[in-house]
Every structure is written in C-alpha cells, then in structure tokens.
Amino acid sequence: MALVNERVRILENECVGPNLYLMTLSSPAIAAAIEPGQFVHMKIPGMEGHVLRRPFSVYAADAAGGTLDVLYQTVGFGTNHLAALAPDVANEIESAELIGPVGRRWQAPAGTQRALLVGGGVGAAPLFMLCQELVGSGVHVDVVLGAQTADALVCLKRYEQLLSRDVRVATDDGTLGREGFCTSLVEDALAAGVDGKPYQYVACCGPEPLMKIVAGQAADVGVSCQISLEKRMACGVGACLSCVVDTVDGKKRSCVDGPVFDAEKVVW
C-alpha cells in the first residue's frame, strides 16, 4: 500500500509504566494495511509551531476495528506534550495526523519453524505483531524481554497470553526474572535451541548496544538475525536523509530502507 496521510482520533492515552504510555488511535486506513515492523509518523495535536512529526512504532493493529496501539516513552518535548493530552482535549485541539504505513517490515527466512524474539525496554512493542504473525503461521516462537525494572515490562502479559506460556525475562535490578541484562538469556536460548534444534531466525529491537550484542550472538551460531533501528528523523518518507544508517552496502535511510535491517549488514 502507498503511504497515506490520515487524520486520526486519540481514543486512549494512559500511563502504563515508568514514563511509558499506551495510546490507542482510530486509524482505519493504516490499521488495515500496516505490517509487522512498520511505523507511523505523527503530527501531534497542539504542536503547530513544531513542523516535524514524530515517528512511533506500532505495537498492535486491529484491522476490523480500525485502531492502532502505540507504546511510547517520554523522552523529550514532543512525547512529554503528547503524554499530557487527555483524549478529549487532544481531539478538541485538532485531530492528529499520521503518515503511514512507513518502512520495511520484519521478514523471517522462508521455511522458518523456530524463531527467537528479543525485546529490550519499549523495543518489545515493535516485535509483538511479528510474534502474532509467526504464531499464527505455526512457527515455534520463544521470547526474551529485558527492562530496567519489573514495572517497565508492560508488554509481558500480552506476550504470555499470546504464547500461552512464560516468557524469559531479565531486569537490571532483579525485580523480575534474571538479574542483569537479557543478553545472558539470549545466549542460553541460542545454545539450547528448541528440543535440541537450532533457531532459524532471531529478531531484536531495543537499545543499540543490546542489538549489537544480540546480532553478534546470532552470527556466532550462524542464525539469521534482523534488528530494528531507531533513528532521529525529520520527513519520515526518505527525502531528507536525516536518519542515515551505515551498512556494508553503503548508507541507507532508516525510515524507508529500514527500520528493519539484516543485522549482518549493519556497520556498528
């Protein structure tokens, strides 16, 4: 589907964890077309003096209901402003606008039967639609999630409900799961595989140091790995070259050549 610029309504916008907010948007056209790993570029209500939109990964989409779920963290002026907007206030100021669906999606190798998904912090959200798709296709999916503290693992319940089993978890402070970084859990999972059979695909999203380590772990055991890179961007449609990523194939644009990249091609 070609990019659309869709006026949307904010249906919900609630705090779900430390500096973490879950926003539900009415966006029928984009909800019907978005694929796992793609994102939207949002004009935030009440910020007419700031012409640049903000990119947001899509956590979940309901094509039938015409809605998108976006999990975001407050990190600056734009997201702090958005977090303070109650839905009724936001929709009275001016309808938000989304450009989407933008970007390259997750794509497991053909014939994948065993996949490992690794999400660090809010990086758990852009992996959820992929998890839904893989599970729906009969792929065995294991999930590793990491966060600073248990309160920040806001995606955990959705993953466990989808998988109908526990998810491997690590927290920096040890309040849930293994204490420390989740990369140790990834190492264990890659070594064990599934019933002694190796994973055929790893997908990772989170802080760049985490993705670099996971990419190396996957490469060490010869498993195909994709990562989703978050970069500052202005236009969001590939014109401004503000979100360039260095790869072995030259410079690529995170917005339209990514955000999903083959990990082995990224120059870290």
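The values are calculated or read from the model by the stated rules, or taken from the named source; none is laboratory data. Since the structure is predicted, the reported quantities are computational estimates derived from the model, not experimental observations. FYI the Cβ positions are ideal-geometry reconstructions off the backbone, even for glycines, and counts take in every protein chain you see. For accessibility, only protein heavy atoms count, side chains too; no ligands or nucleic acids. Shrake-Rupley method; radii C 1.70, N 1.55, O 1.52, S 1.80 Å.
Rounded to the nearest 500 deg cm²/dmol, what is the calculated helix-only ellipticity per residue at 222 nm for the chain, with -39500 (n - 2.57) per DSSP H run of length n ≥ 4?
Helix-only estimate at 222 nm: -6000 deg cm²/dmol.
What full-extension length gain, to one decimal in nm, is calculated for residue 195 and residue 161 as 0.36 nm per residue of separation minus the Cα-Cα distance?
Taking 0.36 nm per residue and subtracting the Cα distance, the gain is 10.0 nm.
Pairs of alpha-carbon atoms within less than 8 angstrom and 6+ residues apart define the contacts here; what relative contact order does the chain have, in percent?
18 percent.
Once the other residues with Cβ under 15 Å from the Cβ of residue 163 are scored (Lys, Arg +1; Asp, Glu -1), what is the net sum?
+1
Residue 110 versus residue 86, label points 7 Å from Cα toward the beta carbon: distance in nm?
5.4 nm
Where does each of 204-217, 244-257 land if you order them by average Cβ count within 10 Å, highest first?
Averaged packing, sorted descending, gives the order 204-217, 244-257.
Round to a whole number: what % of the accessible area of segment 144-230 belongs to carbon and sulfur, probe 1.4 Å? Write out the running numbers ahead of the final one.
Numbers: 2090 of 4320 Å².
On segment 144-230, the fraction of accessible area on carbon and sulfur atoms equals 48 percent.
Starting from the Cα of residue 251, draw a straight line to each of the lysines and keep only those under 29 Å, dropping any in the same chain fewer than 8 residues away.
The reachable lysines, counting only those whose Cα sits under 29 Å from residue 251, are 43, 212, 231, 265.
At a Förster radius of 25 Å, what calculated FRET efficiency corresponds to the Cβ-Cβ distance of residue 220 and residue 63, to the nearest 0.05?
0.05
What whole-number value in Å² describes the accessible area per residue of segment 1-135 for a 1.4 Å probe?
For segment 1-135, the solvent-accessible area averages 40 Å² per residue.
Quick one: which of 75-82, 160-167, 102-109 comes out on top by average Cβ neighbours within 10 Å, and what's the full order, highest first?
By packing density, highest mean first, the sequence is 102-109, 75-82, 160-167.
From the square roots a ≥ b ≥ c of the eigenvalues of the alpha-carbon gyration tensor of the chain, which class results: rounded (a/c under 1.5), prolate (a/b over b/c), or oblate?
prolate
In a Gaussian network model over the chain where Cα atoms closer than 10 Å are linked, find which of 124, 61, 33 has the largest mean-square fluctuation.
Residue with maximal mean-square fluctuation among 124, 61, 33: 33.
Compute the distance in nm between two label points, each set 7 Å from the Cα along the Cα-to-Cβ direction, one at residue 148 and one at residue 14.
2.3 nm
With θ set to phi - 60° and the Karplus curve 6.51 cos²θ - 1.76 cosθ + 1.60, what are the ³J(HN,Hα) couplings of segment 25-40 in order, to the nearest whole Hz, using x for Gly and Pro?
Going residue by residue, I get 10, 7, 8, x, 5, 6, 4, 6, 10, 5, 10, x, x, 6, 9, 10 Hz, with x marking Gly and Pro.
Calculate, for residue 75 and residue 268, the FRET efficiency according to 1/(1 + (r/R0)^6) with r their C-beta to C-beta distance and R0 25 Å; round to the nearest 0.05.
0.65
Given labels modelled 7 Å from the Cα in the Cβ direction, how far is it in nm from residue 208 to residue 48?
3.6 nm
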